[in-house]
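The values are calculated or read from the model by the stated rules, or taken from the named source; none is laboratory data. Keep in mind that this is a model prediction, so the values were computed, not measured. Note that we place each Cβ from the backbone using ideal geometry, even for glycine, and neighbour counts take in every protein chain shown. For the accessible areas, the whole protein counts, side chains as well, though only heavy atoms, and no ligand, DNA or RNA atoms are used. Shrake-Rupley method; radii C 1.70, N 1.55, O 1.52, S 1.80 Å.
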Amino acid sequence: FVLSPLALRFSHLIRRMIHAGHGVELHCAEHIRHTELTHAEVEADARGGLEDLHALGVRPRLWRPPWGVLTPQTQAVAKDLGLELVSWSLDTHDWRGDSASEMFTRTSVDLRPGAVILMHDGLGPGARRSGCGETVALIEQLVTHARSLGCEPCPVDDPYAALWSG
């Protein structure tokens with residue numbers, strides 16, 4: 001789930017993601033909670049983000065709104081644009097700058113089939129960390145633990161992933 005201006009700025013990374021088989025989906029153009037926007041502003045942000053991604057050859061089907069804030073206007077715009085809204089069930093709070101082991105201790109307890117884990121690869125508003133190294137280190141620990149529980153990590157659009165109805 002990408003911020004479209006950053007996707008444009010770092011288009012080489014988007015190409016690498018696609019080449020590696022990862023999905024590229026819509027997060028937003030501007031990272032503003034939808035509770036602070038009118039219907040027209042939510043729609044303009046989503047359409048602008050989609051335009052940016054379309055320019056890169058990306059055709060998103062999924063949308064995770066900023067901050068995970070879901071409003072009636074978010075749902076209406078998603079429906080109008082044919083996007084499926086996606087949430088998460090576990091938040092690593094990686095933006096706080098905690099160590100990988102602290103994040104693992106906090107999230108591994110609730111890891112179960114169908115869990116969708118929120119992690120960030122960037123530094124956005126409110127971030128208290130200086131980089132993403134601890135988040136990257138956390139991935140291997142979570143994957144190993146998930147497999148020990150008989151789960152196999154999968155893309156969020158897998159039928160077993162937790163999705164909001166749009």
Worksheet item: Helix 39-55 versus the longest principal axis of the chain: what is the Cα-based angle in degrees, 0 to 90, to the nearest 10?
Response: 70 degrees
Worksheet item: For the chain, what % of the accessible area comes from carbon and sulfur atoms, probe 1.4 Å?
Response: 54 percent
Response to the item:
Over the chain, the sum of -39500 (n - 2.57) across DSSP H runs of at least four, divided by residue number and rounded to 500 deg cm²/dmol, gives at 222 nm -12500 deg cm²/dmol
Fill in: Karplus-derived 3J(HN,Hα), 6.51/-1.76/1.60, for each residue of the range 23-32, Hz, glycine and proline x
x, 10, 10, 7, 10, 4, 9, 10, 7, 10
Item to complete: Set Lys and Arg Cβ to +1 and Asp and Glu Cβ to -1, take the dipole of the chain about its Cα centre, and tell me which of 86, 116, 34 lies farthest positive.
Response: 116
Practice prompt. Hey, can you find the accessible area per residue of the range 1-160 for me, probe 1.4 Å, expressed in square angstrom?
Written response: 57 Å²
Worksheet item: By DSSP, what percent of the beta bridges with both residues in the chain are antiparallel, rounded to the nearest 5?
Response: 10 percent
Worksheet item: What is the dipole size for the range 13-117, taken about its Cα centre, with +1 at each Lys and Arg Cβ and -1 at each Asp and Glu Cβ, in debye to the nearest 20?
Response: 380 debye
Item to complete: Give me the orientation-averaged projected area of the Cα convex hull of the range 55-98, in nm², one decimal.
Response: 4.6 nm²
Discussion item. For the range 112-153, which trypsin sites (Lys or Arg not before Pro) pass both filters: DSSP loop (anything but H, G, I, E, B) and at most 12 other C-beta atoms within 10 Å?
Written reply: 128
